[in-house]
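Each remark here refers to the structure printed beneath this line.
No value in this document is a laboratory result; all are computed from the given coordinates. Everything numeric in this text was worked out from a predicted model, so none of it was measured. Cβ placement follows ideal geometry from the backbone for every residue including glycine, while neighbour counts extend to all protein chains displayed.
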Amino acid sequence: MSQDQTQTEASPAVEQGVHNYSSEDKWVKPEDPLLLERLEWFKDQKLGLMMHWGPYSQIGIVESWALSDEDADWSRADIDWDIDGEEMKREYFELNKTFNPIRFEPEKWAELAANNGFKYLNFTTKHHDGFCMWNTRTTEYRITGRDCPFSRHQYADITKHLFEAFRARGLGISAYFSKADWHSPYYWTEGMERGIKTSRGPSYNPKEYPWLWEEFVQFTHEQIMELMTDYGRIDVLWLDAGWVNDYRVQNIRIGEVVEKARQLQPWLLSADRTVGGPYENLITPEQTMPERALHVPWESCITMGTSFSYRYDDDYKTVRQLIHMLIEIVAKGGNLALNVGPQPDGRLSRTAISRIEGMGTWLKAYGESIYGTRVCEPYSIGNIHFTQKNEQTYAFYLYEDEKQEVKPTVVLPLNNQDVARVDLVAGAEEIQFTKTGEGIEVELPEGELTGAAPIAHVFRIS
């Protein structure tokens, strides 16, 4: 099989930088009791903070993808200065020489996340462009490299300080790591068969140059083991670039390095995205959510704005939209990894902070219906969603906007459940209800019928 054939086969897995996700039947249940226990822990968390951050944030374009000529038609749409593709790639790879986020304060990020209901961090230690946000020994193309002005800062090892700050607040750590590396000479090698044209895959056929591919495998394993050895407890190793996998010509032997890492961190979950098999412990939809409930561990990574990387003048989702998204994801059995792209100066935008705080306000009142819950039928029907915990069912009745009419009765389609009591979470207790052929008809108290429509009415059903 030629490398061109391999890339053609792999391409449908990624469209315009957005990855599809594995089907439920590709999930393999771990045999290790500790991993099964950690998967239950993961399913309890519900809300993580994802962060794509690197030198690309300085110019407000999509992370990495503009480097791939194969993806130029969409990834370079925002590159509006007069420049050809080769010059653009050269300038992109030199962004490390100006990346200096001197206003970076990891403790503030961790405090903001912890105080507003986020339970773990998923941070991009390295995206496809190969720039390492930790103090790796494998390459000078890193945040602590001599060419990067931030290398002299007290927080130069960004990954280290972020992980420590979030861990100190009791949050879990998920380490994003791209298996592809478009800066590595072992992956994109000058003078090979592809010439100057770049694509998602290596610039050569690994079967024809096995010694060069082995260099890349060892390089990748060394980087992963640095993160697993020198950066404290890691809960999830979140592996991107699904076209690099053990079942195609780009055999990276990920199982070998994950098992080696588990000798040090036996609790480690791995998310080998879109690959399936024993090392995709979590299924990871991107910028979407499944149409139906999934009965395996999963996590949707979705942006707060329109882009994973920082974009100037981005359009952010409202707090109402974000909470509705979280509720639907949780009702379908998943977690939301909500992505925020930090600014190039090291701060989060005021809009992002306001959205995070708005979500926190809602979660402080209604978090019992979110955290630690599991799916229950009928899952999601229109604007009504369900979760359960212990002997209680929670029903969410969502309002599209604050101007929507709040009607005096709400019908919850629960036909197979004995109901003794209905309460409003963070509201009136033991409210009136009637069993009907359609389910449970709940009467909202008088005080709920006036003013702006809430984000949702949340019912506790016993």
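Listing for the model above:
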{"read-out": "Global form of segment 37-104, assessed from the alpha-carbon gyration tensor, a/c cut-off 1.5", "value": "prolate"}
{"read-out": "Lys/Arg +1, Asp/Glu -1 at C-beta; the chain dipole; positive extreme among Ile381, Ala175, Gly130", "value": "Ala175"}
{"read-out": "Derived scalar couplings ³J(HN,Hα) [segment 382-395; Karplus, 6.51 cos²θ - 1.76 cosθ + 1.60; whole Hz; x for Gly, Pro]", "value": "x, 9, 10, 9, 9, 9, 8, 8, 6, 9, 10, 10, 10, 10"}
{"read-out": "Unit charges on C-beta of K, R, D, E only; dipole of the chain, Debye", "value": "1080"}
{"read-out": "Dipole of segment 305-462, positive direction: furthest Cα of Phe459, Pro408, Val419, with charges on the beta-carbon", "value": "Phe459"}
{"read-out": "Cα-derived Rg to Rh of segment 73-186, Kirkwood definition", "value": "1.02"}
{"read-out": "Lys, Arg +1 and Asp, Glu -1 on Cβ, resulting dipole of segment 413-462 about Cα centre, debye, nearest 20", "value": "140"}
{"read-out": "Virtual spin-label span in nm between Lys207 and Leu264, 7 Å along Cα→Cβ", "value": "3.4"}
{"read-out": "Anchor Lys160: aspartates and glutamates whose Cα lies under 13 Å away (excluding residues fewer than 8 positions away in-chain)", "value": "Glu105, Glu107, Glu226, Asp230"}
{"read-out": "In segment 327-427, GluC sites (Glu not before Pro) in a DSSP loop with at most 14 other beta-carbon atoms within 10 Å", "value": "Glu391, Glu400, Glu402, Glu405"}
{"read-out": "Equivalent-ellipsoid semi-axes of segment 310-408, from the Cα gyration tensor, Å, largest first", "value": "28, 16, 12"}
{"read-out": "Trypsin sites (Lys or Arg not before Pro) restricted to DSSP loop in segment 63-162 with at most 14 other C-beta within 10 Å", "value": "Arg103, Arg137, Arg146"}
{"read-out": "J(HN,Hα) series, segment 319-324, from Karplus relation 6.51 cos²θ - 1.76 cosθ + 1.60, nearest Hz, glycine and proline x", "value": "4, 4, 4, 5, 5, 4"}
{"read-out": "Residue pairs, from the table Lys26/Lys364; Lys179/Lys389; Lys179/Lys260; Lys97/Lys260; Lys364/Lys407, whose Cα atoms sit over 27 Å apart", "value": "Lys26/Lys364; Lys179/Lys389; Lys97/Lys260"}
{"read-out": "Isotropic mean projected area of the C-alpha convex hull, segment 352-456 (nm²)", "value": "7.3"}
{"read-out": "Label-point gap, in nm, between Lys29 and Thr409 - each point 7 angstrom along Cα→Cβ", "value": "4.3"}
{"read-out": "Value of D in µm² per second that Stokes-Einstein yields for segment 218-320, Kirkwood Rh from Cα pairs, at 37 °C (0.692 mPa s)", "value": "210"}
